[in-house]
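Taking it in order: structure first as structure tokens, then the write-up.
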Amino acid sequence: MKKLYFITGSQDLYGEETLARAAEDSKEMAAYLNEKLRSVSEVVFQPVVRNSAEALGVCTEASADPDCVGVIMWMHTFSPAKMWIGALKALSKPMLHLHTQYNKRLPYGSIDMDFMNLNQSAHGDREFGFICTRLGIKREVVSGYYKHDDVIEKIRRFAQAASAVDFGRGMRVAMFGSNMRDVAVTDGDRVESEIKYGWNVNYYGIGDLCDIISGLTDGEIDGKMSEYSEKYVINTENAAAVREQAKYEAAIERFIERENISAFTDTFQDLHGLNQLPGLAVQNIMAKGFGFAPEGDYKTAALTAVLCKMAEGRSGATGFLEDYTYDLPQNEEIELASHMLEVSPVFAADKPKIEVHPLGIGGKSDPARLVFDGITGEGIAVSMVDMGDRFRLVCAEITLVKQPQPMPELPVARVMWKLKPDFAVGAAAWIYAGGAHHAVVSTALTVEDIRLFAKMTGTELVVIDEKTELNAFEQQLDMLDALAKLRR
Ligand code: MN
């Protein structure tokens, strides 16, 4: 289980009695938070920090502890902030500054100077906040009584985002083939991705997969076939085509296991040795939380894996989707998102059907794929693009809607949504921001989760929501470009 360190600040000046009380109080608070958050992270009490040596000690320990995904900081008393400078410079884990109190209410009848000396986070947290701001430390400040549900929820969100960032560090991403020829937005700086996010992205030949396929046993393939018939409706006579996908999936699973892979890409331009484009195979794997994006789009594949990690334990769906085509009745515009084949069945409104149809691109045999209509509800679409000198996240709020009419001739899974604040503004803003036609869509996560991820990783974020206005949005983009130039 991953951990959050609960670090309480104080100082030597207060004497043993007050410091002992501070320790007792914060131990109780850490235990309470641990109880509430245990499904996402263990909250570990740390001895109250009294001086710069102890501050440096605990921050160095947090930074070095592979199980620690972040720290919760709280100043029970005043804690002169110069003692935190060295510690904060050494801290490499995300920080949540919890601005709270041990006591919920003021004891009006009995309050005296002893109480005031012990309970002064209103004062101590401001001193601590100043030095964080002065040092330029990105952190999440959560204010409120620590037992209140909204405060607990904000800490939970932080813990999940921090766990996802931690998961990304050292995550291995496989590209079967390279980026689709001539495509710009799916390409990117893989070295920079590793420097910034820890994503280790590497190329593999599709032949590596073919080698595994040739060594599969009938039993392995039969096992995959029975998994398919349990999970899906078989809506084809072409069992051979389905079996072909079963082989691909069994082989990809072996490969993922062997190479410790969390996300992968392929491309229809490089399928030497495969008879079909992997469709059903990839769809079934995506539903297990592995990242995938087609056409060598390693950024979307990696981001999908990271966001699936962030959404663990929540209801809702998370996966790759591509902007495809529109229905444009005025003021009722709807987008249809899909892909050639690879739409994750987590988006299915009903039990998906396995079908076999021609692909019409790539010159291969007719591939088996899952076909279904999409779920409905509030969600987000997130795109990561490489601006040359930085990565940018574009996050749009969307409303997934029921398709207005059946589409019996469409041989792929589809999801439909409406843009915010409306089609005209939402689509234009996405395009001004350089957002890709590939995105991670989630009904489990919100803009707040992406904002935390962006903050923890120092990634530029632009949000498109109900409040977006194009003039201000374009100005924001101009300012972000100017800022990036200044930072160069
Ligand atoms: Mn695509």
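Structure notes:
- Dipole of the chain [Lys/Arg +1, Asp/Glu -1 at C-beta], most positive-end residue of I334, M479, T77: T77
- Residue-averaged [θ]222 nm for the chain, counting only DSSP H segments that reach four residues, each worth -39500 (n - 2.57): -12500 deg cm²/dmol
- For the chain, a Kirkwood radius taken over Cα pairs fed into Stokes-Einstein (10 °C, viscosity 1.306 mPa s) yields D = 65 µm²/s.
- Working from label points 7 Å from Cα in the Cα-to-Cβ sense, the Q476 to R181 distance is 3.9 nm.
- The alpha carbon radius of gyration of region 1-71, expressed as a multiple of 2.2 N^0.38 Å, is 1.14.
- Each of Q283, I252, A368 was placed along the dipole of region 229-384 (beta-carbon charges, centred on the mean Cα), and the one lying farthest toward the positive end is I252.
- C-alpha long axis of helix 423-432 to longest principal axis of the chain, angle in °: 80 degrees
- Measuring nothing but alpha carbons in region 106-175 and taking Rh as the Kirkwood radius, the Rg to Rh ratio lands at 1.17.
- Set of lysines with alpha-carbon distance to K147 below 18 Å, sequence-local pairs under 8 removed: K27, K36, K104
- About its Cα centre, the dipole of region 167-251 is roughly 300 debye, where the only charges are +1 on Lys and Arg Cβ and -1 on Asp and Glu Cβ.
- Under 24 Å from K353, Cα to Cα: lysines that are on another chain or at least 8 residues apart: K224, K231, K247, K288, K364, K402
- Rounded to the nearest 20 debye, the dipole size of region 110-189 about its Cα centre is 280 debye, using +1 on the Cβ of Lys and Arg and -1 on the Cβ of Asp and Glu.
- Degrees separating the helix 121-134 axis from the principal Cα axis of the chain, which is the longest one: 60 degrees
- Peptides 335-345, 182-192 ranked from most to least packed give 335-345, 182-192, packing being the mean of other C-beta atoms within 10 angstrom over each peptide's residues.
- Computed P(r) (all Cα pairs; region 1-128; 10 Å bins; percent): 13, 45, 32, 8, 1
- Relative packing of 469-481, 254-266, which averages over residues the other C-beta atoms within 10 Å, highest first: 254-266, 469-481
- Whole-Å distance, taken between Cα centres, linking region 333-374 and region 251-313: 15 Å
- Part-to-part distance (alpha-carbon centres) for region 15-74 and region 153-170, which is given in Å: 18 Å
- Angle between the chain longest axis and helix 239-259 axis [Cα atoms, degrees, rounded to 10]: 30 degrees
- Farthest toward positive dipole pole in the chain [+1 Lys/Arg, -1 Asp/Glu at C-beta], among L303, P66, F6: F6
- Relative packing of peptides 300-306, 53-59, 387-393 - highest average C-beta neighbours within 10 Å first: 300-306, 53-59, 387-393
- For the chain, size of Cβ-based charge dipole, Lys and Arg +1, Asp and Glu -1, in debye: 1200 debye
- Whether region 146-235 is rounded, prolate or oblate, judged on the alpha carbon gyration tensor where a/c under 1.5 counts as rounded: oblate
- Measuring how big region 156-208 is from its alpha-carbon positions, Rg and Dmax come out at 13.8, 43 Å.
- Cα point-scatterer Debye curve for region 296-389, base-10 log of I(q)/I(0) at q = 0.13 Å⁻¹: -0.59
- For region 96-129 and region 175-219, distance of Cα centres in Å: 53 Å
No value in this document is a laboratory result; all are computed from the given coordinates. Predicted, not measured: the structure shown is a model, and the values here were computed from it. Using ideal geometry, Cβ is built from the backbone for each residue, glycine included, and neighbour counts are taken over all protein chains shown.
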